[in-house]
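The values are calculated or read from the model by the stated rules, or taken from the named source; none is laboratory data. The structure displayed is predicted, hence computed values, not measured ones. Don't worry about glycine lacking a Cβ; one is built from the backbone with ideal geometry, like all the others, and counts go over all protein chains shown.
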Amino acid sequence: MILVGRPEDIPLGEAVRVDASADSGVPIAVFNVDGELLAIDDTCTHQDASLADGWLEGCAVECPLHAACFDLRTGMPSGPPAKTPVRTHEVVVADGYVYVRVEAPVVDPVPVQAAAQAEAGFTAAGLTEAARIETAA
Ligand code: FES
């Protein structure tokens, strides 16, 4: 399990970011939704933005970069531009500390992110050829 901190380190309506570790492979964000702690992968599946820096709206977080919203219980995006869900993680509070249980670490997040970007019509160099043709039409 990954140590996050003490419950009081995560104020109501706020989030904390836990850096990537060998146990997670990627950064994790933990949100305090009306006293309930919910954890997801921190990086938006659309592009490289920290969801811990986003805006909490009920049980969803809005990405600070292009405003995709993710349900914190399911990880599902509510609409574009994100199409791929973020992973959700179990939060455990024990002996006065908050932990996140990550089922399987992401060994190499780059291919996952590249696939999500390609699906959205982007590559590291810009639009994919298919997206260029679609945009030009
Ligand atoms: S980076 Fe999150 S919606 Fe674009």
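List of remarks:
- Cβ-Cβ under 9 Å pairs, at least 6 apart or on other chains, the range 51-63 side within 13 Å of Val16 (Cβ to Cβ), far side among the polar types (S, T, N, Q): Leu51/Thr43; Leu56/Asn32
- The single condition from (1) more than 9 Å from the ligand (Cβ to nearest atom); (2) more than 17 Å from Glu103 (Cβ to Cβ); (3) touching a Ser or Thr at 6+ places or on another chain (Cβ under 7 Å) that Thr88 fails is (2).
Residues checked against (1) at positive phi; (2) touching a helix residue (DSSP H, G or I) at 6+ places or on another chain (Cβ under 8 Å); (3) surrounded by 14 or more Cβ atoms within 10 Å (Cβ to Cβ):
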position	(1), (2), (3)
Ala15	no, yes, yes
Gly25	yes, yes, yes
Leu37	no, yes, yes
Asp48	no, yes, no
Val102	no, no, yes
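- Residues in the range 75-118 that are at pLDDT below 90 and of a type in the set (A, V, I, L, M): Ala104, Val106, Val107, Val110, Val112, Ala114, Ala115, Ala116, Ala118.
- Residues within the range 51-99 that are within 24 Å of Ile2 (Cα to Cα), in contact with a Cys (Cβ under 8 Å, 6 or more places away or on another chain) and in a loop (DSSP other than H, G, I, E, B), tallied: 5
So that you can scan it fast, the table gives a plain yes or no per residue for (1) assigned to a strand (DSSP E or B); (2) in contact (Cβ under 8 Å) with a residue 60 or more places away in the chain; (3) in contact with a Pro (Cβ under 6 Å, 6 or more places away or on another chain):
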| position | (1), (2), (3) |
| --- | --- |
| Leu3 | yes, yes, no |
| Leu12 | no, no, no |
| Val16 | yes, no, no |
| Ala20 | no, no, yes |
| Gly25 | no, yes, yes |
| Ala29 | yes, no, no |
| Leu37 | yes, yes, no |
| Ile40 | yes, no, no |
| Gln47 | no, yes, no |
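- Scanning the range 17-33 for residues that are among the hydrophobic types (A, V, I, L, M, F, W, C) and more than 12 Å from the chain's Cα centre (by Cα) returns Ala20, Ala22, Val33.
- Whichever residue in the range 61-81 is of a type in the set (Gly, Ala, Ser) and farther than 22 Å from Ser24 by Cα and, among such residues, is surrounded by the most Cβ atoms within 10 Å (Cβ to Cβ): Ala68
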